[in-house]
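J.: Handing you a structure now.
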Amino acid sequence: MRENLVKQRLKNGQNCIGTMVRTHDPAVVEVLGYAGFDFVAIDTEHMTMNDESLVDLVRAAVLAGMPAIMRVRTKTPGEILRALDMGALGVIVPQIESAAEAQAAVRAAKFAPLGSRGMANSTRAARYGFLDLKEYARLSNEHTLVVIYCETLGALREIDEIIALEQVDVIFIGPTDLAQALGIPGEPDHPQVREAMETVTRKARAAGKAVGTVAADAERARALMAGGIQFIALSSDLAMIASQARRHLQALRS
Ligand code: 3PY
Ligand code: MG
């Protein structure tokens with residue numbers, strides 16, 4: 001179990017810039033680490049990696065010196081357990097509808113006494129038995145980052161209670177789903193979404209809780225950071241390939 005520098009930086013009030021990983025090749029994760037990202041968020045909610053490729057993505061993140069945070073497929077305890085047993089240093093839990101669901105995600109991510117994560121020493125996270133179980137539990141609880149999505153009406157309604165959960169490290173705003181939830185699908189930049197984001201950010205920051213979200217480019221990331229958002233998934237591997245591909249071809253053909 002490695003130290004989670006992202007968790008430390010957030011606690012110190014520093015910003016963390018990561019990116020979403022949506023491809024299956026560990027080399028891509030290594031490249032992103034060498035490029036200087038603070039973390040990778042491996043997006044299993046929307047993408048097609050299987051568990052065998054996922055564990056290699058997590059290994060590659062370690063090689064490149066950054067934590068792998070798993071955006072889990074679903075908010076179920078089994079998905080959270082699988083991601084953490086692989087050695088992910090945190091989870092981003094989507095579609096949370098209430099404070100009770102956020103609390104359940106925390107319980108799934110933490111060992112007793114903070115939660116009820118299933119414990120086994122045979123896992124990659126436990127170094128296949130080479131870590132003392134008590135030490136493993138202590139280190140996991142200390143370093144596992146719990147990121148809770150705010151992208152539903154239920155989460156918006158219960159945001160004060162979610163923010164108050166001590167073991168939630170980051171409130172992560174999903175503007176695309178939030179737009180749908182607010183009745184304006186396909187308009188993540190709509191003023192109503194922006195207003196909801198600002199309200200959530202203000203409340204979380206007042207309670208000393210970090211806030212995260214996605215940013216398509218550096219300009220948006222800069223504006224978000226100026227607004228108090230500390231944990232940013234800047235673009236994604238696929239989006240960066242797409243924009244560079246477009247740029248190269250445009251340069252050649254213009
Ligand atoms: C959303 O905008 O809904 C997201 O989940 C962003 O990643
Ligand atoms: Mg979403």
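The values are calculated or read from the model by the stated rules, or taken from the named source; none is laboratory data. Just so we're clear, the structure is a prediction, and the values are computed from it rather than from any experiment. Glycine also receives a Cβ, built like all others from the backbone with ideal geometry; neighbour counts cover every protein chain displayed. To get the accessible areas, we keep the full protein, side chains included, count just its heavy atoms, and leave off ligands, DNA and RNA. Shrake-Rupley method; radii C 1.70, N 1.55, O 1.52, S 1.80 Å.
J.: Being at pLDDT 95 or above and touching a strand residue (DSSP E or B) at 6+ places or on another chain (Cβ under 8 Å): is that true of V200 here?
T.: Numbers: at pLDDT 95 or above: yes; touching a strand residue (DSSP E or B) at 6+ places or on another chain (Cβ under 8 Å): yes.
Taking the combined requirement at face value, the residue satisfies it.
J.: A further question on this structure: Pairs under 7 Å by beta carbon, first residue within 10 Å of ligand 2 (Cβ to nearest atom) in segment 174-201, partner of a type in the set (F, W, Y), six or more apart or different chains?
T.: G174/Y149
J.: Here is a check on your reading of the model: is A164 over 18 Å from A88 (Cα atoms) and open to solvent by 70 Å² or more (accessible area, probe 1.4 Å)? Don't jump to the end; show me each part of the working.
T.: Values: over 18 Å from A88 (Cα atoms): yes; open to solvent by 70 Å² or more (accessible area, probe 1.4 Å): yes.
Yes: the conditions hold for A164.
J.: Could I ask something else about it? For segment 29-59, give me each residue that is part of a helix (DSSP H, G or I) and either at pLDDT below 95 or open to solvent by 40 Å² or more (accessible area, probe 1.4 Å) (or both).
T.: First, pick out the residues of segment 29-59 that are part of a helix (DSSP H, G or I): 29-35, 51-59.
Those that are part of a helix (DSSP H, G or I) and either at pLDDT below 95 or open to solvent by 40 Å² or more (accessible area, probe 1.4 Å) (or both): E30, V31, Y34, A35, D51, E52, D56, R59.
Quick grid of which residues meet (1) farther than 17 Å from A155 by Cα; (2) open to solvent by less than 20 Å² (accessible area, probe 1.4 Å); (3) of a type in the set (F, W, Y):
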{"site": "K75", "(1), (2), (3)": "no, no, no"}
{"site": "I80", "(1), (2), (3)": "yes, yes, no"}
{"site": "A83", "(1), (2), (3)": "yes, yes, no"}
{"site": "Q95", "(1), (2), (3)": "no, no, no"}
{"site": "A99", "(1), (2), (3)": "no, yes, no"}
{"site": "A104", "(1), (2), (3)": "no, no, no"}
{"site": "P113", "(1), (2), (3)": "yes, no, no"}
{"site": "A125", "(1), (2), (3)": "yes, yes, no"}
{"site": "G129", "(1), (2), (3)": "yes, no, no"}
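J.: Something else about it: In segment 218-254, how many residues are part of a helix (DSSP H, G or I) and either touching a strand residue (DSSP E or B) at 6+ places or on another chain (Cβ under 6 Å) or exposed (fewer than 13 other Cβ atoms within 10 Å of the Cβ) (or both)? Working first, answer last.
T.: Here is the first cut: in segment 218-254, the residues part of a helix (DSSP H, G or I) are 218-226, 237-253.
Those left that are additionally either touching a strand residue (DSSP E or B) at 6+ places or on another chain (Cβ under 6 Å) or exposed (fewer than 13 other Cβ atoms within 10 Å of the Cβ) (or both): 218-219, 221-224, 226, 237, 242, 244-253.
Qualifying residue count, segment 218-254: 19.
J.: How many residues does segment 120-158 hold that are within 16 Å of ligand 2 (Cβ to nearest atom) and β-branched (V, I, T)? Give the derivation first.
T.: Looking only at segment 120-158, we keep the residues that are within 16 Å of ligand 2 (Cβ to nearest atom), and these are 147-156.
Remaining after also requiring β-branched (V, I, T): 147-148, 152.
Qualifying residue count, segment 120-158: 3.
J.: Hey, does segment 209-217 have a residue that's more than 16 Å from ligand 1 (Cβ to nearest atom) and at pLDDT 95 or above? Spell out the reasoning first.
T.: Just the residues of segment 209-217 that are more than 16 Å from ligand 1 (Cβ to nearest atom), to begin with: 209-210.
Next cut, at pLDDT 95 or above only: 209-210.
Yes: segment 209-217 contains one or more residues that are more than 16 Å from ligand 1 (Cβ to nearest atom) and at pLDDT 95 or above.
J.: Output the number of the condition that A210 fails; it satisfies all remaining conditions of (1) hydrophobic (A, V, I, L, M, F, W, C); (2) over 28 Å from V29 (Cβ atoms); (3) away from ligand 2 (no atom under 16 Å from the Cβ).
T.: (2)
J.: Going by what's in this entry, would A125 be described as over 25 Å from A61 (Cα atoms), away from ligand 1 (no atom under 16 Å from the Cβ), in contact (Cβ under 8 Å) with a residue 24 or more places away in the chain and not hydroxyl-bearing (S, T, Y)? Talk me through it step by step, then tell me what you get.
T.: Values: over 25 Å from A61 (Cα atoms): no; away from ligand 1 (no atom under 16 Å from the Cβ): yes; in contact (Cβ under 8 Å) with a residue 24 or more places away in the chain: yes; not hydroxyl-bearing (S, T, Y): yes.
In short, no.
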